[in-house]
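Right, one structure below, let's go through it.
The values are calculated or read from the model by the stated rules, or taken from the named source; none is laboratory data. As the structure is a computational prediction, the values presented were derived from the model and not from experiment. Don't worry about glycine lacking a Cβ; one is built from the backbone with ideal geometry, like all the others, and counts go over all protein chains shown. For the accessible areas, the whole protein counts, side chains as well, though only heavy atoms, and no ligand, DNA or RNA atoms are used. Shrake-Rupley method; radii C 1.70, N 1.55, O 1.52, S 1.80 Å.
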Amino acid sequence: MSNDRTGMSSGEDSASDAKAAVTAGGPSRRQVIGMVAAAVATVAVPATAAAANTTGRTAPATVSATGVAARSRQLLATGTLFIGTYTSGGGTGIGLASYDTGTGAITGTGTLQGVGDPSYLAAHPDGGTLYAVNERQDGGVTAIALGENGDHTVLGTRGTGGSSPCHLSVHPGGRWLLSANYGSGDVAVHPIEASGALGERTDLVTHSEPAPGPGQNGPHAHQIVTSPDGAHVLAVDLGTDSVYTYRLDETAGTLTRVSYARLPAGAGPRHLVFHPSGRFAYLANELNNTIAVCAYDPDSGTLTPGEPLSTGAGGAGDSFPSQPVITGNGAFVYLANRGHNSLSRFAVEDSGAALRLLDTVPVGGDYPRQLALSPDGTLLFAANQRSNAVSVFHVDQDSGELASAGDPFASPVAVCVLPL
């Protein structure tokens, strides 16, 4: 099976029919693209039985001051990288790698097997657990305890109650996992136990209104995130051209809708990212190939989209923006453009209220599905789905300019990259 964020088709994953979410003439969400997974030399890391260790977090042994200093230098020099994929489309599991924080060079260290179609990844705030969606008809979310030496333990999988979950995030308090089911157009909540494992689902909310946009067969939840102040949860829905705002009951784990924002019909909103101030967000519209600056009221949770702006990657139907990211200081926004195969760089102006397109640069791959900045903001990673590779760029801290860090790292059906 071949997979693609704008469409999908396979005998195994019958969610394909539910996920053909495009306007006439556009690509299907995970359309067959005839790709052959790149041959990557990796060491398979089988999923360890959860019963062996439910925490995966043991206290480190006492070491000398010299040992601590040596380890600190090592931590500063390298970071950890996880790469999401479609196991039903040519991937073999979650890619495991390290990266040089200075040069950006990636070194593969293995593959975590036993997690089906882990197309999106997120880490717990304490760094001890990795969470992955299982983007299949019978959707699930999987928890993985991270071992210090790469001895990772799969803690188990819980059903999302919907089909084809494509995004998840951990609530800042670390007690709740939020997920978005693209195929069924709903969002789910799961409790996170002390071990990092997931409990039974506590809520499932369907985006039943407004009516689907042009060419859509229903709602298609594409992202779910928490506002910077932790007060509200926002869900972006491509199918209804809307962004929904919820309050999360942190005791019961239930969502209550407080408002929703409408985008122009056929915009196809996909992902947003907040400005550090928490008063603006930048929303990528997949189907009309635009990005919008949205005002955000932290008190009410109301999101107010502004006029759509050009991505610099042609018009609607020429390219399909996937993910925006923002620098830690809020000075620059980057946007991945699938089809145009480029990265747009925007200057953030007027204290977050405006974006100005500076340039676009080639991504160095085909169909950049997702972007992520390194924790220190000096590197930008791009997962290129169709070219089976991860591109890396140095980020100039003053100008925001991007410079390639070298040849892309081969990784089969790379659709998500998570640098830690």
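Using Cα pairs closer than 8 Å and at least 6 residues apart in sequence, work out the relative contact order for region 285-329, in percent. Walk me through the numbers before you get to the answer.
On the way: 58 pairs, mean separation 20.1, N = 45.
Relative contact order comes out at 45 percent.
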Ignoring everything but the protein chains, give the 1.4 Å probe accessible area of T304 in square angstrom, nearest 10. 80 Å²
Separation between the N217 and D398 pseudo-spin-labels, each 7 Å from Cα along Cα→Cβ, expressed in nm? 5.4 nm
Show me, bin by bin at 10 Å from 0, the whole-percent P(r) of region 328-386 based on Cα pairs. 23, 48, 26, 2
Solvent-accessible area of D297 with every protein chain in place, 1.4 Å probe, in Å² to the nearest 10: 60 Å²
Per residue, what accessible area does region 166-299 have, given a 1.4 Å probe and all protein chains present, in Å²? 30 Å²
